[in-house]
1. So, Phe86, is that one modelled with pLDDT of 95 or more and open to solvent by 70 Å² or more (accessible area, probe 1.4 Å) or not?
2. State yes or no: is Thr39 surrounded by 19 or more Cβ atoms within 10 Å (Cβ to Cβ) and part of a helix (DSSP H, G or I)?
3. How many residues are surrounded by 15 or more Cβ atoms within 10 Å (Cβ to Cβ) and either within 22 Å of the chain's Cα centre (by Cα) or among the acidic types (Asp, Glu) (or both) if we restrict to the range 17-35?
4. Just to be sure I understand the filter: pairs with C-beta atoms under 8 Å, separated by 6 or more residues or on different chains, first member in the range 54-65 and farther than 13 Å from Leu113 by Cβ and of a type outside the set (S, T, N, Q), second member in a helix (DSSP H, G or I) and open to solvent by 30 Å² or more (accessible area, probe 1.4 Å). Which pairs pass?
5. Please go through (1) of a type outside the set (D, E, K, R); (2) modelled with pLDDT of 80 or more; (3) touching a Phe, Trp or Tyr at 6+ places or on another chain (Cβ under 8 Å); (4) not in a loop (DSSP other than H, G, I, E, B) for Val5 and return the number of the only condition it doesn't satisfy.
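The values are calculated or read from the model by the stated rules, or taken from the named source; none is laboratory data. Just so it is clear, the structure is predicted and the values come from calculations on it, not from any experiment. We place every Cβ from the backbone using ideal geometry, glycine too, and count neighbours over all the protein chains shown. Surface accessibility is based on the protein's heavy atoms, side chains included, excluding ligands, DNA and RNA. Shrake-Rupley method; radii C 1.70, N 1.55, O 1.52, S 1.80 Å.
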Amino acid sequence: WSSDVCSSDLRHPFFGIGFGEWTRPSWMGSSIDNFWLLTAVKFGAPAVIMLWLAVARLLLDAASGRHAAVTLKYMRRAWGFTIAAFIVAGCTVAFWNSLLVLFFLLLGTGAWLARDQQDSIVKRVRYRLNYDPDSQPQRLF
């Protein structure tokens, strides 16, 4: 079956087939159970390539947080494992409805986590708590 899907993808490499039907034998169902292949067939190879580049860039940016707090490092690591699981799952199933929304929501979360935000978070917490790092802690009793 992959030759029919690939031939449909190769006949429309740049823009895909859109929401039209892909060519297949009469006995075959209309589902394509691979998110990456389905995206290439529907929207063209450039869409998949740009999506892969975006995911790779976000993974690299999240992994290169050198001066981040420990909690932020753990959050970035957990996000990276989650996206890696989505990448593997995308090879076996097609994302649709709420799972597709969750995937793109996680990509946006990765863009937020990849940003070097340690200084801004620390400044906001210190401002709200009126914390001066140079002062000595006060005695409670």
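1. Details: modelled with pLDDT of 95 or more: yes; open to solvent by 70 Å² or more (accessible area, probe 1.4 Å): no.
Against the criterion (modelled with pLDDT of 95 or more and open to solvent by 70 Å² or more (accessible area, probe 1.4 Å)), Phe86 does not qualify.
2. On the way: surrounded by 19 or more Cβ atoms within 10 Å (Cβ to Cβ): yes; part of a helix (DSSP H, G or I): yes.
Yes, satisfied.
3. Step one: list which residues in the range 17-35 are surrounded by 15 or more Cβ atoms within 10 Å (Cβ to Cβ), which gives 17, 22, 24, 32, 34-35.
Then drop every residue that is not either within 22 Å of the chain's Cα centre (by Cα) or among the acidic types (Asp, Glu) (or both), which leaves 32, 34-35.
Count: 3.
4. What qualifies is Val55/Ile87.
5. Failed condition: (2).
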